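Report on the structure given below.
The values are calculated or read from the model by the stated rules, or taken from the named source; none is laboratory data. Just so it is clear, the structure is predicted and the values come from calculations on it, not from any experiment. Using ideal geometry, Cβ is built from the backbone for each residue, glycine included, and neighbour counts are taken over all protein chains shown. With ligands, DNA and RNA removed, areas are computed over all heavy atoms of the protein, side chains included. Shrake-Rupley method; radii C 1.70, N 1.55, O 1.52, S 1.80 Å.
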Amino acid sequence: MPHPRPALHRTIFAVDVEGFGDSKRTNPHRVAVRCGVYRALRRAFTRVGILWADCELNDCGDGVLVLVPPEVPKAFLVDSLPLELAEALSEHNRSSPEGERIRLRAGLHAGEINFDEHGVSSSSINHVFRLMEAPAFKAALADSPGVLALVTSQWFYEEVVCHSVHAAAESYRRIQVSVKETSADAWIVLPDQEEPPRVPELHDNPTPVPRQLPVHTPHFVGRAEELGQLDKLLDNPAREAGTVQVTSLYGPAGIGKTTLALRWAHQAADRFPDGQLHVDLRGAGNPLRPEVALRGFLGALGVPHAQVPVSLGAQAALYRTVTTGRKLLVLLDNARDAEQVRPLLPASPDCLVLVTSRDQLPGLVVREGARPMPLDTLSDDESASLLAKHLGWDRVAAEPEAVAALVRRCGRQPLALAVAATRAALTPWLSLGSVESDPRWTLGVGDTGDRRVPARCHVGLGRT
Ligand SMILES: Nc1ncnc2c1ncn2[C@@H]1O[C@H](COP(=O)(O)OP(=O)(O)O)[C@@H](O)[C@H]1O
Ligand SMILES: [Mg+2]
């Protein structure tokens, strides 16, 4: 094996676009955002006297990693670069439509970098990206009306920021970062804001941040309108109403409630820096008692087991207490009725609750002001896309008539389509026409008429 080339020292400056994958952005928006980021970086670097051409760039899709040569004084990166960058971004935003506007999270550190034929690697680079993942840092930008938030490593703060004449070390705030295997202190600042960022109190024993969302399907299609409506909830927090926002997705089994809820929850998780709670309430089968769900939630929020009260009322009161002031997303999947859901609602307007149920849950709509969101079948095109996500576009394009018949026979119902697609994926030697005509594997429109799904359709498909 050849000896690796010796590592070289670099200053590491990374940026990450907030909400790059947001469903409100189209692909052309994303291209414009990427151009805007590079333009703003180049302009800011040039203005502070760092030659852009001397920096090594690594594109990260929704961000950029810039490696700055060691001879560039590190103070340049904190003295005036952040303000220049914020100014360049603001200028871009002033002349761009909403989907192309940019807010950046930036990270600063320095260290030894290994260069090889594939690119770069280094524990220092990993460290910066971990710092940029810190919920307190993400929340600082989410709460700021500005366009930029910067996090520096403890080392960079002590060695560079504290000794810089212009960096205003007193406007930085310390945060504790616990992301994956990284556990470290870091310092954050909002360069274009007068006020320093608000940060949670530092505890010796920080409360764990629950991240309970199960994995979501890689084969997701459609639901643009529903995703857009859910996104709007993020822009209109219920602070004026002073109460938690509850949305209930309802529709028959297999229509895609859980899939949509999980998709959106993962997408919006960033906006809930204090965590995401999830429970399957098993409303359609053997319903989970709210006490059991609450015990799980309280434990996840750091309440020791021995301190969880016995009665449901006391548990719910403690839950409302510990969730106050936290920005949490609570996903209550597969609820049976309003009584099962009610004790699991936080009181805080900073929290958002998503309930899925086969029932409309009128009790929640009336008493808690829940917003009902019905889910319908997919369109013909979305149904074909679902099949293509499982089987590849080539196979779907080869048999358009069989696809149309399959979509019709499945009644454009996602579960029925997923069952047929799974069958076809497991038997690549069969034509789609023969899958379509095999009654064992396709769930006809008539079959779903009673809104129940035969047990055989659950084979290998996970939760419904
Ligand atoms: N939007 C979607 N895109 C792709 N597949 C979907 C979609 N919605 C549902 N499915 C498929 O249908 C199955 C059943 O959906 P699910 O969300 O569990 O239904 P529900 O919760 O309404 O009973 C999922 O496992 C998934 O395979
Ligand atoms: Mg479900």
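Summary of values
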item: Residue within segment 33-48 that is outside the structural domain of residue 264 (by TED's automatic domain parsing), more than 23 Å from residue 132 (Cα to Cα), open to solvent by 40 Å² or more (accessible area, probe 1.4 Å) and over 19 Å from the mean Cα position of the chain (by Cα) present; result: yes
item: Filter result for residue 113 (more than 19 Å from residue 5 (Cα to Cα), open to solvent by less than 10 Å² (accessible area, probe 1.4 Å) and among the hydrophobic types (A, V, I, L, M, F, W, C)); result: no
item: Strands (runs of 3 or more DSSP E) enclosed by segment 122-204 - at least 2 residues per element that are within 18 Å of residue 84 (Cα to Cα); result: 148-153, 182-189
item: Residue list for segment 182-199, restricted to those being more than 17 Å from residue 103 (Cα to Cα) and open to solvent by less than 30 Å² (accessible area, probe 1.4 Å); result: 182, 184, 186
item: Helices (runs of 4 or more DSSP H) completely within segment 6-100 that count 2 or more residues being touching an Asp or Glu at 6+ places or on another chain (Cβ under 9 Å); result: 27-47, 81-94
item: Test result for residue 220, away from ligand 2 (no atom under 16 Å from the Cβ), aromatic (Phe, Trp, Tyr) and within 24 Å of the chain's Cα centre (by Cα); result: no
item: Residue list for segment 280-298, filter: modelled with pLDDT under 90 and either surrounded by 14 or more Cβ atoms within 10 Å (Cβ to Cβ) or hydrophobic (A, V, I, L, M, F, W, C) (or both); result: 284
item: Which listed residue, of 256, 325, 299, 275, is away from ligand 1 (no atom under 16 Å from the Cβ) and over 26 Å from residue 103 (Cβ atoms); result: 299
item: When residues of segment 393-442 are limited to those that are more than 16 Å from residue 220 (Cβ to Cβ), of a type outside the set (A, V, I, L, M, F, W, C) and within 15 Å of ligand 1 (Cβ to nearest atom), the one modelled with the lowest pLDDT; result: 442
item: Any hit, segment 261-272, residues being within 12 Å of ligand 2 (Cβ to nearest atom), at pLDDT 90 or above, buried (at least 21 other Cβ atoms within 10 Å of the Cβ) and not assigned by TED's automatic domain parsing to the domain that holds residue 388; result: yes
item: Filter result for residue 301 (under 26 Å from residue 253 (Cβ atoms) and either open to solvent by 10 Å² or more (accessible area, probe 1.4 Å) or in contact (Cβ under 8 Å) with a residue 12 or more places away in the chain (or both)); result: no
item: Index of the failed condition, residue 70 passing every other in (1) farther than 23 Å from residue 159 by Cβ; (2) surrounded by fewer than 15 Cβ atoms within 10 Å (Cβ to Cβ); result: (1)
item: Among the residues listed as 101, 173, 105, 94, the single one being within 23 Å of the chain's Cα centre (by Cα) and open to solvent by 70 Å² or more (accessible area, probe 1.4 Å); result: 101
item: Filtered residues of segment 143-170 (kept if among the β-branched types (Val, Ile, Thr) and crowded, with 16+ Cβ neighbours inside 10 Å); result: 147, 151, 152, 160, 161
item: Every pair of residues 6+ apart whose Cβ atoms lie under 7 Å, when the first sits in segment 331-356 and is more than 21 Å from residue 260 (Cα to Cα) and among the polar types (S, T, N, Q) while the second is away from ligand 1 (no atom under 14 Å from the Cβ) and not in a loop (DSSP other than H, G, I, E, B); result: 340/290; 348/323
item: Residues of segment 12-32 classified as of a type in the set (Val, Ile, Thr), surrounded by 18 or more Cβ atoms within 10 Å (Cβ to Cβ) and either farther than 28 Å from residue 114 by Cα or within 20 Å of the chain's Cα centre (by Cα) (or both), total; result: 2
item: Residue match in segment 50-58 (condition: surrounded by fewer than 17 Cβ atoms within 10 Å (Cβ to Cβ) and touching a Lys or Arg at 6+ places or on another chain (Cβ under 8 Å)); result: yes
item: Residues of segment 335-351 that turn out to be in contact with a Pro (Cβ under 9 Å, 6 or more places away or on another chain) and under 19 Å from residue 264 (Cβ atoms), as a count; result: 4
